[in-house]
Amino acid sequence: MGFLKKLFRRREVIEEPGYELEGWDDVTYEKEDFQIDDEEERGQYVRGCLEQIAEASKEVENLQFEYNMVTSYLKDMEEVEALPDKEKARVRELAKKLNDLEEKQSGYQERAKRLSDDKYRQMERMEEVAQEGYDKLTEAEEQRDLIKRDLRRLDGEKNAYIYRRSDLQRLIGDTRTMTIICIVAMIVCILLLLVLQFGFQMNAKLGYLAVAAMGAVAITLIFMKHNDAVKELARVENGIGRIIKLHNATKIRYVNNTRLLDYLYLKYNVTSAGEFGKTWQQYQEEKEERLSFQQAEKELDESQKELIRILRKYHVEDPMIWLHQTAALLDKKEMVEIRHNLIIRRQSLRRRMDYNKEVMAGKAQAQIKELVEDYPEYAKEVLGAVEEFEKEFS
């Protein structure tokens, strides 16, 4: 069970405001919703918990690369701010020169701007990943809509099953009551017939036959109704368990999808894929116009090379990004704002990693542990399922 131990290693958790997701992020595998003594349902319960752990582990691995990249950016900022005074002055001089050249080449006075300078620089910084980012946003939003439809459909099916279960339980109670009433009625009729036969010397043979026939028919019909209701109730109970499992799996998808969208909106500073696509289109058009006004390409190239050389000399891991963040080299406020944005991004990543470790996987692990403790007779079977799943997972 190596991946379980690795996944649940304790680490510091950053306190962050939670998300309100209409109760869909409350992923549970309550034993009360399953018949634990049933081997098939017990296996489904354990498998569901293990799949939740595996999903959380996979999500953490996917987040780790982005987290390391953001951390690298923050480290580069520390290296830039720690430059010697002489080199820092030269870097600022180059940054100022780069800013001036870019303004000269843009030709703003000859046309109306499609994008603000800040928005243009933002899109420029993410140019290489813009199409990928737009595709991710579009796919995530489409997935969110599909998941919401699935959740609403499952909610409706679950409520329908619960309503039907109540009807069946009421019907079973009614059939029992009707059976008692029929028996009592037959006894009363027989007593009356006995009175007529022995008290009034009447022939009650046909009466006995009629009471027996009607009683038999009534009880048979009631028994058939009762038996059908019991069978259907069993099917409904199984259906409720199946829907709960599907509901939990869909909740996991919804939570991770929502966290992903929140992070992408933060990363690309947009509120929707449509907004990002429109801004990206405007940026592409403006970029073509700016390129047509370039007059000092050689000087710009030389200044960029010198800035990269200085930054590389002082161990800045990704100096290329600073070519598009010259405002931060000139203005401490801009540097602070970029650092703040990176810290928020890293916290968002950490929150998602911790959520998957501590909440998603943690709850599932606790459910398995609780199952083993509450049902020791199944402990060997459960631990065997965990080991088998771990082999499959690895």
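The values are calculated or read from the model by the stated rules, or taken from the named source; none is laboratory data. No experiment lies behind these values; they were computed from the predicted model shown. Don't worry about glycine lacking a Cβ; one is built from the backbone with ideal geometry, like all the others, and counts go over all protein chains shown.
Tabulated data
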| read-out | value |
| --- | --- |
| Selection status of A327, farther than 30 Å from D100 by Cα and crowded, with 17+ Cβ neighbours inside 10 Å | no |
| Subset of region 346-385 (residues that are among the hydrophobic types (A, V, I, L, M, F, W, C) and farther than 16 Å from R47 by Cβ) | L349, M353, V359, A366, A379 |
| Filter result for the condition that a residue is touching a residue at least 40 places away in the same chain (Cβ under 8 Å) and not in a helix (DSSP H, G or I), over L94, L115 | L115 |
| Matching residues in region 192-246 - criterion: being surrounded by 15 or more Cβ atoms within 10 Å (Cβ to Cβ), of a type in the set (A, V, I, L, M) and assigned to a helix (DSSP H, G or I) | L193, V211, A218, I219, I222, A229, L233, V236, I240, I243, I244, L246 |
| All positions within region 223-243 that are out of contact with any Lys or Arg (no Cβ under 6 Å at 6 or more places or on another chain), under 10 Å from L168 (Cβ atoms) and touching a residue at least 12 places away in the same chain (Cβ under 8 Å) | A229, V230, E232, L233, E237 |
| Selected residue (only one of K75, K97, K136 is surrounded by fewer than 17 Cβ atoms within 10 Å (Cβ to Cβ) and not acidic (D, E)) | K75 |
| Cβ-Cβ under 8 Å pairs, at least 6 apart or on other chains, region 316-332 side modelled with pLDDT of 85 or more, far side not in a helix (DSSP H, G or I) | W322/V316 |
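For (1) surrounded by 15 or more Cβ atoms within 10 Å (Cβ to Cβ); (2) modelled with pLDDT under 75, each residue gets a yes or a no:
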residue	(1), (2)
V91	yes, no
L101	yes, no
Q105	yes, yes
Y108	no, yes
R111	no, yes
S116	no, no
M123	yes, no
M126	yes, no
A130	yes, no
